[in-house]
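Participant: Below is a structure I'd like to ask you about.
The values are calculated or read from the model by the stated rules, or taken from the named source; none is laboratory data. In this text, all values refer to a predicted model and were calculated from it rather than measured experimentally. Backbone-built Cβ (ideal geometry, glycine too); neighbour counts: all protein chains shown.
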Amino acid sequence: MTTATTPQPAILVLEDGTTHRGRAFGATGTTFGEIVFSTGMTGYQETLTDPSYHRQIVVMTAPHVGNTGVNDEDPESGKIWVSGYVVRDPARRVSSWRAQRSLTEELAAQGVVGISDVDTRALTRRLREEGVMRAGIFSGDDLVRDGYPRTVEELVAEVKAAPQMAGADLAREVSTTQAYTVEPSGEHAGRTPLATVVAVDLGIKAMTPQRLAERGVRVVVVPQSSTIADIEAALPDDGTPGGVFFSNGPGDPAASHHEVELLRAVLDRRIPFFGICFGNQILGRALGYGTYKLGYGHRGINQPVLDRTTGKVEVTAHNHGFAVDAPVVDEAGAPAVSRAPYDEARRAAGDDTGDDTGDDTARYGRVVVSHVGLNDQVVEGLTCLDLPAFSVQYHPEAAAGPHDAAYLFDRFVGLLTDPAAWPPALKTPITTSATTSTIEENL
């Protein structure tokens, strides 16, 4: 892998044989990954440094990328995580007073292979029609072998030999290896924390603990490999509020067995829980629901979501290729309230060991889909009605915006400091294709 000093030829190859020729952007060489597209018009630096994009080649649908350059304040982690970057028109010069270097220089310095001058509109249409797939970017000397141009068939074969995202257990590859603490900040700096939250790093973004710290919460970030004993040791033992948070992250939730069992241990102890993105998928699987791969996923900062607890529509930031398979509406078309399938599996197996709720058959109880994606009705949030736990599929920290979902951190702090008020009032009328009802009528 080398750094391009003058534009060199590059080719993007999809596993279905589709090719797009362009120019090297950033480092030159070869890279592979699952190719996805992001619809964000801004925030490319946050996208590049989001660990959830590990082993993915990101296509930017915005035609002009790089005009604000790169600085040392906006990264969401310590490095660029995307495996490749595809743009149409890279900025020729940087025009932001905050910029410390160009995007091209940053990609090259971190060895990220990219390609520019690609028809990203046609590429995005292809991915929408055929679904995400594996891809490779080849540029510079890697386009030649033994003095002859490499054939497309040879390049496609290499792409098909790359690992798929389905079945990939990747959180351990992006997680911190050492625990660290983020103390309350802003007006809460120097004060006694309102609560302590243990955040399990599955690919956490830097802004997430900051959002909690701004609300007076001490955040102890722990590695993905942590055990329930590690979590309990980090929680306060003086009677002050404590909770657990699962972050965003890459990979297939169906392959994340450790994380699912860890969360079940948290739920069994009735420790307040909040999860986002990958954490939402882990909660779904811990409750017994399935997960599935979306055709082309949700990625960008302009995704509309309905919060069924308030009736408000939020414009939200997304980055996920998997979703939870939970009932959204019942047979009458009203919002469905289902029993956690893990309960049913236990009872079918004759396991009635019970818990401390007084119901010897309800381990996790009732669950409602609290948030729904308005583009495709995908599950975007879960709320447990008999447990202090909830999650959303998107990114409420959204450093690059929008900030419609920031209230979710307030909801979590409320759960920690006033657990008797849980679950939130679900009273807002919900209109579906079949009927208008209320979640409250189904409880």
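Participant: Here are some residues: Val244, Val197, Val174. Which one is farther than 22 Å from Glu46 by Cα, in contact with a strand residue (DSSP E or B) (Cβ under 8 Å, 6 or more places away or on another chain) and touching a residue at least 60 places away in the same chain (Cβ under 8 Å)?
Facilitator: None of the others qualify; the one that does is Val197.
Participant: Based on this model, can you work out whether Gly136 counts as out of contact with any His (no Cβ under 7 Å at 6 or more places or on another chain), modelled with pLDDT of 95 or more and crowded, with 19+ Cβ neighbours inside 10 Å?
Facilitator: Answer is yes for this residue.
Participant: Does region 176-213 hold any residues that are touching a Gly at 6+ places or on another chain (Cβ under 7 Å) and closer than 21 Å to Leu48 by Cβ, and which are they?
Facilitator: Within region 176-213, Leu202, Gly203 qualify.
Participant: Next question. Please give the number of the condition Thr19 fails out of (1) modelled with pLDDT of 95 or more; (2) in contact with a Ser or Thr (Cβ under 9 Å, 6 or more places away or on another chain); (3) among the polar types (S, T, N, Q).
Facilitator: That leaves (2) as the condition not met.
Participant: For the structure I just gave you, tell me whether Thr104 is surrounded by 14 or more Cβ atoms within 10 Å (Cβ to Cβ), assigned by TED's automatic domain parsing to the domain that holds Thr42 and either closer than 29 Å to Lys79 by Cβ or at pLDDT 95 or above (or both).
Facilitator: So Thr104 fits the description; yes.
Participant: Next question. Given region 247-340, what strands (runs of 3 or more DSSP E) lie entirely inside it while holding 3 or more residues that are more than 23 Å from Arg411 (Cβ to Cβ)?
Facilitator: Details: elements: 273-276, 290-307, 312-325, 337-339.
Qualifying strands (runs of 3 or more DSSP E): 290-307, 312-325.
Participant: Since Gly243 meets every condition but one in (1) crowded, with 23+ Cβ neighbours inside 10 Å; (2) at pLDDT below 95, which condition does it not meet?
Facilitator: If we test Gly243 against (1) crowded, with 23+ Cβ neighbours inside 10 Å; (2) at pLDDT below 95, just (2) comes out false.
Participant: Of the conditions (1) more than 16 Å from the chain's Cα centre (by Cα); (2) crowded, with 24+ Cβ neighbours inside 10 Å; (3) under 18 Å from Ala398 (Cα atoms); (4) not hydroxyl-bearing (Ser, Thr, Tyr), Glu76 fails just one. Which one is it?
Facilitator: Only one criterion in (1) more than 16 Å from the chain's Cα centre (by Cα); (2) crowded, with 24+ Cβ neighbours inside 10 Å; (3) under 18 Å from Ala398 (Cα atoms); (4) not hydroxyl-bearing (Ser, Thr, Tyr) is unmet by Glu76, namely (1).
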